[in-house]
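First comes the structure, then the notes that go with it.
The values are calculated or read from the model by the stated rules, or taken from the named source; none is laboratory data. Given the structure is predicted, the values throughout are model-derived calculations rather than measurements. Heads up, the Cβs are rebuilt from the backbone with ideal geometry, glycines too, and the neighbour counts pull from every protein chain shown.
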Amino acid sequence: MRSALFYCFAAFVLLAPLSGLGGAALALPALQIAAIGFLVAIVARHDVPAALPRALLVGLGILVLYPLVQLVPLPDALWRAIPGHEPYVGVLDRFAHSASSWAWRAISIVPAATERGWLALLPPLACLLVVLRFDPRQLRTLLLAMVALAGAEALLGIVQVLGGVDAASGLRLDRVRSVAVGTLADGNQLAAMLAMSLPVAVGWLAYTVRHGRHLRMSRPRQSSPSRLSWQRAVVVIAAALMLPCLLYTRSRVGVGVALVGLACSTVVLTRLRTRNTGAWRLAPYLIGAGILLATIVAISPVLGRLEPQDLTAVAAGRGAIGTATLQAVADFLPFGSGLSTFADVFPRYQGGKFGGHVPHAGNDYLQAFMELGMAAPAIVVLLLSAFLARIIALLRVEGSSSLTLLQLGAGMGMVPMILYATFDPALHAPAIAMWFATLAGALFHRGGDSTGHGDTPAPPTGTNAGVEA
């Protein structure tokens, strides 16, 4: 049963990026239905993850439950008194039928949008909870498959830019000009996926070195270097494809946060244990790869075409949207306008400063503050504190297993998206949110916390029985 769950979930996560081929209108409901199935399976089997950090549980609880509170109908007098509702009260009083003007209404300005936003939370939530139930071997396999798929997306992106492939293939090449998008909606989403995957690849390289050394020490006659060798080759090839493809996404933010994630993963993994000589041997190569990518970005002619809009105009536009969003935050405090209502509420704040449809604030934290009110900063603080506490705990764990390297790689893969959310709404894409939540599940997995055998069967007997796995 557990194997069936694993294979179904692996298909769920690995096929999610293909949702860009068919459009969100069909893909998102399918992902939501599948997520409900996974959640029901967990509850039906009484397999709800235990021993999660309290900050994580509370943060997730607020994130899942508060939008439902925003959908609870309130008496008309109470609804009219909620901050930010004054313009809507005026519209009702002027145009609505006298009977309907006194109907009960939800806190959310657009309840249908909040319902859609809440349903969109289900796939990432399912990813987080299901990954926590996997055994270490399944977790390793899933992370390796994710790195390999990211490499395949990178190869497709490079072909889209350089290969001149026929648009009849259906891989979104009809929309591609000089930007790599893979099977995703745009270059920013592909950059976000690659930025998440690079630190996981670094973790896998460190894992193969350390795990191979432990196999040779504990079971010299049974070690299988060929398996680790092909896994290492897959990871190296995928990483080698991801680095140049990042440039072809034309995303300055994507390249920047990818470099940050690469640097963080190198530093964290090499400091896990000073005695971990295998990881230390990798450090110069990983740092060198980051420096090489930074140099390419600095001198490549491609840089001149990255996000070709005039940077001053872009910065001014972002600043105007941010200022208007802050005004909306102040108006709707403390309850917020409702999850996923930004696009419907924001036209009221555009005025004559800028026109056009603005679907997102450009800063996910600011947008969440507007939509969820005071619940948003509480969620962010709780989840970030749980993230940092988990990273510190893994760095301090005694007798850590090789799986810890993969968990830290997954944690460092979350760092680029935590930063990316400040500049681009990539987490609004279902595939990106699901991959982010999957990495979170790997980070909080309990397999490598306290024993040396979290990822490898213990030696049968003898003097090597206590060797770290």
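Within the stretch 82-97, the set of residues being of a type in the set (A, V, I, L, M, F, W, C) and modelled with pLDDT of 90 or more comprises Ile82 only.
Here Met412 passes the criteria (1) out of contact with any helix residue (DSSP H, G or I) (no Cβ under 6 Å at 6 or more places or on another chain); (2) at pLDDT below 95 except the one numbered (1). In the stretch 375-430, of all residues being surrounded by 19 or more Cβ atoms within 10 Å (Cβ to Cβ) and aromatic (Phe, Trp, Tyr), the one that is farthest from the chain's Cα centre (by Cα) corresponds to Phe387.
Take Phe346 and decide whether it is under 16 Å from Ala113 (Cβ atoms) and of a type outside the set (Gly, Ala, Ser).
Values: under 16 Å from Ala113 (Cβ atoms): yes; of a type outside the set (Gly, Ala, Ser): yes.
Yes; evaluated as a whole, the condition is true for this residue.
Against the numbered list (1) part of a helix (DSSP H, G or I); (2) under 30 Å from Trp204 (Cα atoms), Arg116 comes up short only at (2). Scanning the stretch 337-365 for residues that are within 21 Å of Pro430 (Cα to Cα) and surrounded by 21 or more Cβ atoms within 10 Å (Cβ to Cβ) returns Gly338, Leu339, Ser340, Thr341, Phe342, Ala361, Asp364. At least 2 residues being of a type in the set (Gly, Ala, Ser), at pLDDT below 95 and touching a Cys at 6+ places or on another chain (Cβ under 9 Å) is the threshold, and among the helices (runs of 4 or more DSSP H) wholly inside the stretch 1-77 those reaching it are 24-44.
Quick one: would you say Gly157 is on the phi < 0 side of the Ramachandran plot, in contact (Cβ under 8 Å) with a residue 40 or more places away in the chain, buried (at least 17 other Cβ atoms within 10 Å of the Cβ) and over 19 Å from the mean Cα position of the chain (by Cα)? The answer is yes for Gly157.
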